[in-house]
Structure formats: C-alpha cells, structure tokens
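Undergrad: Here it is, the structure in full.
The values are calculated or read from the model by the stated rules, or taken from the named source; none is laboratory data. Please read all numbers here as calculations on a predicted model, not as lab measurements. Cβ coordinates were reconstructed from backbone atoms using ideal geometry, including for glycine residues, and neighbour counts include every protein chain displayed.
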Amino acid sequence: MCGIAGIMHFDGAPVPVGLADQMGAALRHRGPDDGGVVSLPTGDAGGDARARGALVSRRLSIIDVEGGHQPISNEDGTVWTVLNGEIYNFAELRTRLEGFGHRFSTRSDTEVIVHAYEQWGDECLKHLDGMFALALWDARAERLLLARDRFGKKPLLYFDDGARIAFASEFQSLLCVPDVPRDIDTDALGSYLAYMAVPAPRTIYARVRKVPPAHAVTRDRAGLGVQRYWTLAFQPKIQIGEDAAVEQVQYLLRAAVRKRLVGEVPLGAFLSGGVDSSAVVAMMADAASQPVKTFSIGFEHREYDELPHARRAAEAFGCEHHEFIVTPSMVDILPEMVRHFGEPFADSSAVPSWYLARLTRAHVTVALSGDGGDEVFAGYGRHLANDLAERWQGVPGPVRRSAERVARSRLLADLGGSRLARFAGAAASSRAARYRLWAGVFSGDMVRELSDLVPAHESTVPAEFERASGLDAVDAVLAVDSRLYLPSDLLVKVDISSMAHSLEVRSPFLDTALAEFVASLPSGMKLHRLTTKHLLKRAVAGRVPPQNLRRAKRGFAVPIGDWMRDDLRSFLCDHLQPSRMSKAGIVRQSAIDRLIGEHLSRRADHAHHLWVLLMLEVWWRTCLTA
C-alpha cells in the first residue's frame with residue numbers, strides 16, 4: 001500500500017525544484033517505509049521539445065519488502081509506474097508474462113503492471129485483480145495513464161490546466177502544486193449536502209477531478225481522455241438453484257479471503273460482530289494456523305455499543321481480540337482528520353473508524369474488513385424499502401388511497417401511522433427521490449432554505465438511476481450503491497482513516513469474482529421476503545454464531561445527536577454560531593440557527609444535518625482558509 005503523486009509538463013517546462021519531494025512528503029503517512037522519485041525524461045531533456053515531469057511514491061511495504069522499491073520501470077526505462085494498492089493475481093500474471101518473454105527484476109506486484117502494459121496496452125487494466133490506483137508513463141508515446149480499481153477502493157485525484165497535469169492520492173499532496181485553483185464547485189457542494197460526500201468525478205474544487213472507479217484517464221499532447229474499462233453487470237441473470245448459489249458463495253468468499261492473506265507483514269481483521277465482519281473472520285480463522293487478531297470499537301451509550309456481539313464472535317472463532325471505547329472528547333481529532341480527507345466528508349462513522357485504525361495499526365499492518373457486504377448482498381433498509389415501495393405501487397389505486405387516508409388519521413398516529421404515511425408518500429415518488437429520502441441528509445427544500453448558491457436538485461443520483469432503469473427495485477439500488485455510495489462514502493472513509501495510520505485494509509466482499517456472481521443472481525436470493533442478505537446468511541450459517549446472524553443491522557452508528565446536546569455543545573456552537581461560511585455568503589446563518597435551536601431544545605432531531613454543516617465548517621477553516 002502506498003501513496004502516489006506526480007506531475008507532467010507537456011509544454012516542456014521544468015518541474016519546480018523540490019516539488020516532487022514536497023508532494024511525496026505530504027503522503028508519508030500512506031507509505032512510511034520507503035520513498036522514491038523519478039524525473040522524466042530520465043536522460044537529456046532535449047530542450048523544450050520533450051515533456052518533463054516526475055513520478056512520486058511513498059511505500060508501505062507489504063509484498064517483496066526488500067525489493068519492491070518504486071517507481072519501477074521496464075528494462076530500457078521507457079515505461080515507468082507507481083502503484084497504490086495490491087494486485088492479488090500478480091503471481092499468475094507474472095507467469096503468463098514470462099511465457100511471453102518478459103523478464104522481471106523484483107518479486108513485487110508493481111513490476112507486473114509495467115510488463116502487462118507492454119503486452120496489452122491499456123487493456124492490461126482488465127487483467128488486474130486487486131485494489132489499486134496507478135500512474136504509468138509511456139515515454140515513447142509521451143503519454144500518462146491514470147487508473148483506479150473496479151470499485152474505487154484506492155483514491156486518485158488530478159488537475160489539468162492544458163499545459164500540465166498533476167495527480168496524487170490525496171488533496172494534501174495535489175494542492176502542493178503551485179496555482180491549483182481553490183474555487184468551490186457548487187454542484188459538488190450540493191451533492192455533499194445531500195449525501196455527506198462528493199461523488200466522482202467531481203471534488204469540492206471546481207478544477208480538481210477524481211479518476212472515477214473502473215476508469216482510465218489518459219493524457220498526451222492531444223489532450224485528456226476518460227474511459228470506463230469495467231461495469232458490474234446485473235443482467236443477464238444466470239439460471240441456478242439457491243442451494244447451488246449458496247455453495248458458490250461459500251467457495252468464492254473463501255477464495256476472496258485467502259488471496260487477501262498474502263503478505264510479509266502481520267495481518268488482522270476489523271470485527272463489529274455483524275454478519276459481514278463475522279463471516280470474514282470465520283473464513284480467516286479457517287485458513288490461519290494462528291489465532292486471528294481482531295479489533296473492535298465500542299461506545300459508552302449501550303444502544304450504540306456493539307462490543308458484546310464482537311466478543312461473542314471472537315470467542316467463537318478463537319481470536320486474539322482487542323477493544324477500544326470512543327468518547328465524545330475524541331472529536332478533538334476532527335481538524336487533523338479533515339485535513340486528511342481534504343474535502344468536506346460527513347459520514348460520522350469516520351470518527352470511530354479513525355480510532356479503530358489507530359488501535360489496529362498498533363498490532364498489525366494489514367486488516368481485513370467486512371466492507372461491501374451490504375452493497376453486494378442487499379443489506380440496507382433502503383433495499384427492502386425500495387422493494388416494498390414498488391410492490392405498494394402495484395396495489396390498486398383505490399385500495400392504496402384508502403390505506404393512506406387511514407394512515408394519516410390521528411387515530412393511528414401513535415401506532416406508526418405517520419411512518420406509514422411517509423412510506424406511502426415515498427412509494428409514489430421516483431426511485432431517485434426515494435433514494436435521497438432514505439440515504440440522503442438535506443432535502444431539496446432544506447438546501448433552498450440554507451443557500452441560494454447551491455443547487456437544490458442533485459443530478460448525479462437521478463442520472464445513475466436512469467442508467468439502472470432496466471433493473472428491478474433491488475438491483476437498481478444495489479447498482480447505484482456500488483457506483484456512488486460505496487466509492488464516495490464507505491471506501492473513502494476506510495481508505496483515509498486507515499492510511500492516516502499507515503494501515504492497509506482489504507475487503508473480500510469486493511472481490512470481483514464474488515461481486516459479479518452475486519450481481520448475476522435473482523434479487524429474491526439476496527432479499528428474501530423481509531430478510532436482507534438472505535443468501536450470505538445461508539452461506540455462513542453454522543459457522544457464524546446464530547445471535548450474530550439474527551441481530552438487527554445497526555451499522556457503525558455514532559451517538560452524535562446526544563453528544564451535540566451535551567459534550568459537543570460548545571464545539572458545535574463555537575463553530576456554527578456564527579459560521580464563517582455564512583459570513584462568506586455561502587449559507588444562511590438563520591437556517592443554521594434554526595437547526596441548532598430545534599435540536600438542542602429536542603423539538604427535532606437534526607443530528608445528521610448539523611454534522612454535515614459542522615464538517616463543512618471545519619473543512620472551511622482547516623483546509624480552505626487556513
């Protein structure tokens with residue numbers, strides 16, 4: 001695992017002295033074991049006729065600890081690459097490439113990329129099985145290739161002003177480049193308010209872009225190109241019985257875990273006690289000769305504390321278990337955490353993730369996680385809700401309207417009728433509108449109250465649902481989750497929180513073969529009646545404790561609502577009353593004051609809205625105006 005960066009001047013201008021080293025230093029936390037810089041071209045620059053640049057790497061040594069120094073090139077130095085991530089099938093690819101006549105000088109997975117590119121060109125990306133962000137310089141063609149893995153587990157940002165292109169794993173490194181504009185993208189800000197994060201290809205900065213997951217960005221003298229090289233296909237469906245599907249899931253999950261146990265450093269696992277992490281640890285325990293080291297986070301609030309479930313699983317698998325309690329005072333790390341994220345990010349579970357990574361890194365260098373299980377096997381309430389909503393739409397109109405009138409009556413208000421009425425209203429909306437209601441934070445009306453500059457209509461999610469219009473209710477949400485929520489929120493949280501502590505995290509549920517197989521199955525196997533992750537639960541039944549399989553899904557929830565009324569009250573008010581963003585004319589202070597007043601007086605629960613605004617304000621102070 002590494003941090004990568006670089007810059008290429010196509011106008012022949014030299015790279016500013018010390019810039020490459022500065023970009024690398026900003027990524028040292030991602031790769032404390034080794035660092036490397038190569039200046040390009042490696043020989044005589046030849047005046048202004050040739051492109052000039054640099055590739056930068058910071059390395060966390062996992063595979064070929066002694067010999068895997070980056071950047072790495074082919075034999076004659078005409079192809080150079082830097083890699084952030086792991087290529088799990090590198091040994092198989094190396095054997096194939098040696099059969100074509102390629103010769104290797106290291107045992108590292110990075111060198112495979114160089115020779116794979118020589119053999120297949122850009123098509124080499126389709127041969128790579130792993131998690132990665134990479135940059136490759138083809139000196140003969142004077143061409144830069146940037147690419148990310150299929151699900152977007154590893155980040156990659158870039159800035160192109162026509163004369164030069166710069167890239168980096170994190171904003172901290174990219175913004176070392178002189179004259180990168182800091183103008184805010186108001187569309188990106190609208191997506192952030194709606195969904196707590198900014199989806200690719202946008203960033204909070206109008207001129208900085210993210211390489212989207214499963215995409216390659218190419219840059220030569222002719223300009224910039226962006227191309228998708230893989231799509232998770234939910235159609236056509238394969239014909240298979242459920243028992244056979246269960247056996248195949250068991251086989252593929254076991255294989256996914258085993259390939260992620262490769263390395264020359266200590267390994268462990270995150271363990272929440274939920275179905276996903278418990279399944280991963282169970283497979284690790286089956287494959288390991290020593291007790292698996294497991295790590296869990298808890299809270300003083302019992303309703304948020306998952307430690308008893310984690311302990312139960314750890315005992316069942318004979319693990320060496322470690323725990324840590326998160327308290328409100330720990331938000332003192334917010335400015336540091338925000339600096340690492342580099343743009344507004346408001347998934348509150350980033351706080352416990354930050355501490356979980358720190359705890360884990362004290363014992364191991366690599367940790368496996370259960371991330372992706374919900375997005376592959378349909379584990380969220382919105383998967384069930386969308387399915388029920390579209391079934392509700394199939395009920396004859398007169399019956400629906402009568403039921404909705406009853407649900408809105410005061411008589412049933414205390415019996416859940418108001419919730420039923422909200423559900424009925426959502427069911428009549430589009431898939432995109434339902435997704436924003438169930439997965440989002442700020443509604444369009446709330447954005448309009450908050451700001452005149454930010455568009456109330458968020459366009460990315462509707463576009464993704466349009467692309468998934470041929471899928472059924474469950475698969476459509478899974479498709480959007482895999483292309484938006486997963487790479488924009490979940491994987492960003494995991495990558496930044498873990499790499500800030502020099503910890504590599506691997507996600508077996510996002511194994512390509514496993515995800516493609518499950519996507520090809522009928523939705524009824526994933527969401528069966530009212531049971532989410534039905535197929536996965538069947539696959540691990542008998543191995544995961546029954547109590548862990550039956551427990552209600554909670555997620556990595558944080559008691560921020562209570563914290564804001566008590567321990568964090570001063571922190572909240574000091575940052576948002578007044579808000580520096582409101583002074584800059586970005587948002588209205590009156591809207592913020594209303595949310596704070598209603599939340600503190602318990603007239604309403606605005607915990608998530610306030611956390612979104614608080615993280616935006618901390619970013620504004622820490623990264624934009626510092």
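Undergrad: Please list, ordered by first then second residue, the pairs with beta carbon atoms under 6 Å, 6 or more apart or interchain, first in region 569-597 and over 16 Å from residue 607 (Cα atoms), second in a loop (DSSP other than H, G, I, E, B).
TA: Listed by first residue and then by second, the contacts come to 581/587; 587/451; 589/578.
Undergrad: With 305, 276 as the choices, which residue is acidic (Asp, Glu) and surrounded by fewer than 24 Cβ atoms within 10 Å (Cβ to Cβ)?
TA: Of the residues listed, the single one that is acidic (Asp, Glu) and surrounded by fewer than 24 Cβ atoms within 10 Å (Cβ to Cβ) is 305.
Undergrad: Here's another thing I want to ask about it. Of everything in region 462-514 that's of a type in the set (Lys, Arg) and part of a helix (DSSP H, G or I), which residue is nearest to the chain's Cα centre (by Cα)?
TA: Per the stated criteria, the residue is 493.
Undergrad: Against the condition part of a helix (DSSP H, G or I) and surrounded by 14 or more Cβ atoms within 10 Å (Cβ to Cβ), how does residue 535 come out, does it pass?
TA: So residue 535 fits the description; yes.
Undergrad: Which ones in region 474-490 are under 18 Å from residue 188 (Cα atoms) and aliphatic (A, V, I, L, M)?
TA: Residues satisfying the conditions are 480, 484, 486, 490.
Here is a yes/no grid of residues against (1) modelled with pLDDT of 95 or more; (2) surrounded by 15 or more Cβ atoms within 10 Å (Cβ to Cβ); (3) of a type in the set (A, V, I, L, M):
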residue	(1), (2), (3)
17	no, no, yes
44	no, no, no
68	no, yes, no
86	no, yes, no
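Undergrad: Looking at (1) over 24 Å from the mean Cα position of the chain (by Cα); (2) closer than 30 Å to residue 194 by Cα, can you tell me which one residue 342 breaks?
TA: (1)
Undergrad: Which of the residues belonging to region 90-119 are assigned to a loop (DSSP other than H, G, I, E, B), over 23 Å from residue 31 (Cβ atoms) and charged (D, E, K, R)?
TA: 103
Undergrad: Can residue 188 be described as of a type outside the set (Phe, Trp, Tyr), within 30 Å of residue 608 (Cβ to Cβ) and touching a Ser or Thr at 6+ places or on another chain (Cβ under 6 Å)?
TA: No.
Undergrad: What number goes with the only condition from (1) over 25 Å from residue 390 (Cβ atoms); (2) surrounded by fewer than 18 Cβ atoms within 10 Å (Cβ to Cβ) that residue 514 does not pass?
TA: Condition not satisfied by residue 514: (2).
Undergrad: Looking at (1) out of contact with any Cys (no Cβ under 6 Å at 6 or more places or on another chain); (2) surrounded by fewer than 23 Cβ atoms within 10 Å (Cβ to Cβ), which one does residue 269 not meet, given that it meets all the others?
TA: In the conditions (1) out of contact with any Cys (no Cβ under 6 Å at 6 or more places or on another chain); (2) surrounded by fewer than 23 Cβ atoms within 10 Å (Cβ to Cβ), residue 269 misses (2) alone.
Undergrad: Do we find that residue 163 is surrounded by 20 or more Cβ atoms within 10 Å (Cβ to Cβ) and not acidic (Asp, Glu) in this structure?
TA: No; evaluated as a whole, the condition is false for this residue.
Undergrad: Residues 314, 310: which one is surrounded by 24 or more Cβ atoms within 10 Å (Cβ to Cβ), assigned to a helix (DSSP H, G or I) and free of Cβ contacts under 8 Å to residues at least 40 places away in the same chain?
TA: 310
Undergrad: So which helices (runs of 4 or more DSSP H) are wholly in region 573-626 and hold at least 3 residues that are under 29 Å from residue 174 (Cα atoms)?
TA: Correct list: 580-583, 607-619.
Undergrad: Turning to a different aspect of this structure: Scan region 250-270 for residues that are of a type outside the set (D, E, K, R) and outside any helix (DSSP H, G or I) and jot them down.
TA: If the condition is that a residue be of a type outside the set (D, E, K, R) and outside any helix (DSSP H, G or I), then 261, 262, 263, 265, 266, 267, 268, 269, 270 are the ones that fit.
Undergrad: Another question about this same structure. Just give me the residues in region 133-146 being surrounded by fewer than 24 Cβ atoms within 10 Å (Cβ to Cβ) and within 15 Å of residue 209 (Cβ to Cβ), in sequence order.
TA: 146
Undergrad: Farther than 19 Å from residue 505 by Cβ, assigned to a strand (DSSP E or B), in contact with a strand residue (DSSP E or B) (Cβ under 9 Å, 6 or more places away or on another chain) and not polar (S, T, N, Q) - does that describe any residue in region 80-89?
TA: yes
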